[in-house]
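Here is the structure we will look at.
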Amino acid sequence: MLTHQSSTTFYQDSEGRYAGLEYELVQRFAQEHGYKMRFIALPQFSSVLPALEKGRGHMAAAGITVTPELASRFIFGPSYQDVALEVIYDSDARRPRSLNDLVGKRVDVLDGSLAKPELVRAQAKLPRLTWNTIAARDTESIVARVTGGLSDFAVAESHAVDVARNFHPSIATAFSIGQPRKLAWALPRNADPMLQTQVNEFFTRIRRDATLTRIVDKYYGHLQRLTEADILHFMNRVRTVLPQYKKHFHDAQDLTGIDWRLIAALGFQESHWDPTAVSPTGVRGLMMMQDDTAAQMGVKNLLDPRESILGGARYFALLRDLLSKAAEPDRTWIALAAYNIGFGHLEDARSISRTLKLDPNVWVSMKQVLPLLMRPEYSTITKFGYARGGESVILTENVRQYYDILLRAEAPHRPEFESLRQDLALLPQRERAPALKAR
């Protein structure tokens, strides 16, 4: 499988594990059909399709946008994500309103991306429109050029911009170019017909049983929730406040086994790491716990930051344990919602989900159901009554985004670790893909 390393395709996380939307899809496909998958991570996106044409892999999974020109050169599987092509700029600068505003400016595009053919079409009407093709690893590289003042604008696919905005919060979208496009795996024109059939059947099945929806939500469902001001405030608190409490969060991980950065993200969402915080409803402390819950978790002084962090972590771990039938990461996301809304209200929502024939152990389903607890036709028939379920969804999605940022900004609490062994390599220049063997 040909790919390239980026935050939207295939990457190694802070604990040395491989992850990414493409990686997860490929792993599921390989397991389903009995393939031993070898990932060939090329250094740049623009290298992927030429390598596929040269026979260096059986398929390419790299966030490839289907275009008429590429469809004449490759066979594409079913699409798994829709994306738009966006013009991005630094929000501190003047916003461009149309392609006319790009004329005479420094405009970057990623080599091999959808942007170049779209701009070529636009150039027919705007001959003075020019751009720089950047042979970078991923979209974040050209986003960084905009925020660093090396270019005025960039043109990139929306899903990659959404991820890059977590780490470059001043980036904003000015407008979209052309029609939405679809992402799909690419196969060479002489691909094995069996492989083509397997790819088509795989995507048909995961779309039908909502597996695809869950995977896409895992990587993108929580993005675009926070504003630029939210992210900048969070990053400032990471620098100025988090160091005071980091040792307590590390101890909380030792106590519960839960990544300290997730507990810290939850604590920030609850109180912005303010140990003296008090809500109008009486919850208090850095982890904003109610008195009875705190007492059950052994917390004597809610305003003591260490006690609050350890007690909040224990409570969150308990909620996660109660959701043992849910698989990760859904189990964690649902537990976050329960931390906000209470386990009784969560069980009401899970009961409603079963009535609606939705899976109560899947976060995508619970995101739809939790807001229903605010509607009279549901709140009057549930055991625990009315609850602000929409707020619990917002909390969970915010925590997910804060956690993403902390995963990159802060090291894991571990003296040392070994990366999971994966068959990751660059094939030699002239080596061709081996013959396929599947069950």
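Which members of segment 8-24 meet the condition of being within 22 Å of residue 161 (Cα to Cα) and either among the aromatic types (Phe, Trp, Tyr) or surrounded by fewer than 21 Cβ atoms within 10 Å (Cβ to Cβ) (or both)?
10, 11, 12, 13, 14, 18, 19, 23, 24, listed by residue number.
Suppose we filter segment 180-203 for residues that are assigned to a loop (DSSP other than H, G, I, E, B) and under 21 Å from the mean Cα position of the chain (by Cα); how many remain?
Qualifying residue count for the region: 2.
Being small (Gly, Ala, Ser) and surrounded by fewer than 16 Cβ atoms within 10 Å (Cβ to Cβ) is the filter here; which residues of segment 296-308 pass it?
Answer for segment 296-308, where residues must be small (Gly, Ala, Ser) and surrounded by fewer than 16 Cβ atoms within 10 Å (Cβ to Cβ): just 298.
If I ask for residues that are under 16 Å from residue 158 (Cα atoms), β-branched (Val, Ile, Thr) and either surrounded by fewer than 17 Cβ atoms within 10 Å (Cβ to Cβ) or in contact with a His (Cβ under 7 Å, 6 or more places away or on another chain) (or both), which ones from segment 77-113 would you list?
Listed by number, the list holds a single entry, 83.
Residue 94 - would you say it is over 21 Å from the mean Cα position of the chain (by Cα) and within 18 Å of residue 7 (Cα to Cα)?
It is false that residue 94 is over 21 Å from the mean Cα position of the chain (by Cα) and within 18 Å of residue 7 (Cα to Cα).
Residue check, residue 141 against (1) surrounded by fewer than 19 Cβ atoms within 10 Å (Cβ to Cβ); (2) over 19 Å from residue 408 (Cα atoms), all met but one. Which one?
Status for residue 141: all satisfied but (2).
Step by step: first the residues of segment 38-53, then only those that are more than 23 Å from the chain's Cα centre (by Cα) and surrounded by fewer than 16 Cβ atoms within 10 Å (Cβ to Cβ), then the one that is farthest from residue 8 (Cα to Cα). Which residue is that?
Ranking the candidates gives 53 first.
Conditions tested, residue by residue: (1) closer than 22 Å to residue 158 by Cα; (2) modelled with pLDDT under 85; (3) within 21 Å of the chain's Cα centre (by Cα); (4) not polar (S, T, N, Q).
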| residue | (1), (2), (3), (4) |
| --- | --- |
| 3 | yes, no, yes, no |
| 15 | no, yes, yes, yes |
| 19 | yes, yes, yes, yes |
| 29 | no, no, yes, yes |
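Anything in segment 333-350 that is closer than 21 Å to residue 264 by Cα and buried (at least 21 other Cβ atoms within 10 Å of the Cβ)? List them, or say none.
333, 334, 335, 336, 337, 338, 339, 340, 341
Of these, 215, 206, 177, 231, which one is in a helix (DSSP H, G or I), farther than 24 Å from residue 393 by Cα, β-branched (Val, Ile, Thr) and in contact (Cβ under 8 Å) with a residue 40 or more places away in the chain?
Step by step, each of 215, 206, 177, 231 is checked, and only 206 is in a helix (DSSP H, G or I), farther than 24 Å from residue 393 by Cα, β-branched (Val, Ile, Thr) and in contact (Cβ under 8 Å) with a residue 40 or more places away in the chain.
Tell me, yes or no, whether segment 299-307 has at least one residue that is in contact with a Lys or Arg (Cβ under 9 Å, 6 or more places away or on another chain), modelled with pLDDT of 95 or more, over 30 Å from residue 364 (Cβ atoms) and assigned to a helix (DSSP H, G or I).
yes
Taking the residues in segment 309-332 that are without any contact (Cβ under 8 Å) to a residue 40 or more places away in the chain and not in a loop (DSSP other than H, G, I, E, B) as candidates, determine which candidate is surrounded by the most Cβ atoms within 10 Å (Cβ to Cβ).
Step by step, filter segment 309-332, then rank; the result is 311.
Could you please tell me which pairs satisfy a Cβ distance under 9 Å, a separation of 6+ or placement on different chains, a first residue in segment 33-48 that is within 19 Å of residue 6 (Cα to Cα), and a second residue that is in a helix (DSSP H, G or I) and of a type in the set (Ser, Thr, Tyr)?
Correct list of pairs: 39/23; 45/139.
Restricting attention to segment 361-388, and to residues there that are in contact (Cβ under 8 Å) with a residue 24 or more places away in the chain and under 27 Å from residue 207 (Cα atoms), which single residue is surrounded by the most Cβ atoms within 10 Å (Cβ to Cβ)?
The qualifying residue surrounded by the most Cβ atoms within 10 Å (Cβ to Cβ) is 370.
Report, ordered by the first and then the second residue, all pairs with beta carbons closer than 8 Å, sequence separation of six or more or different chains, a first member in segment 60-87 that is under 23 Å from residue 121 (Cβ atoms), and a second member that is surrounded by fewer than 16 Cβ atoms within 10 Å (Cβ to Cβ) and of a type in the set (Lys, Arg).
Pairs that qualify, where the first residue is under 23 Å from residue 121 (Cβ atoms) and the partner is surrounded by fewer than 16 Cβ atoms within 10 Å (Cβ to Cβ) and of a type in the set (Lys, Arg), are 65/182; 66/182; 73/189; 74/189; 79/182; 81/182; 82/182; 83/182.
Within segment 262-295, track down each residue that is of a type outside the set (S, T, N, Q), surrounded by 13 or more Cβ atoms within 10 Å (Cβ to Cβ) and part of a loop (DSSP other than H, G, I, E, B).
Across segment 262-295, the qualifying residues are 272, 273, 274, 275, 277, 283, 285, 286, 287, 288.
Kindly indicate the residue of segment 117-171 that is of a type in the set (Val, Ile, Thr), within 27 Å of the chain's Cα centre (by Cα) and part of a helix (DSSP H, G or I) and also modelled with the highest pLDDT among those meeting that condition.
Ranking the candidates gives 146 first.
The values are calculated or read from the model by the stated rules, or taken from the named source; none is laboratory data. Note that this is a predicted model, so its numbers are computed, not measured. Ideal geometry is used to build each Cβ from the backbone, glycine not excepted, and the neighbour counts take in all protein chains shown.
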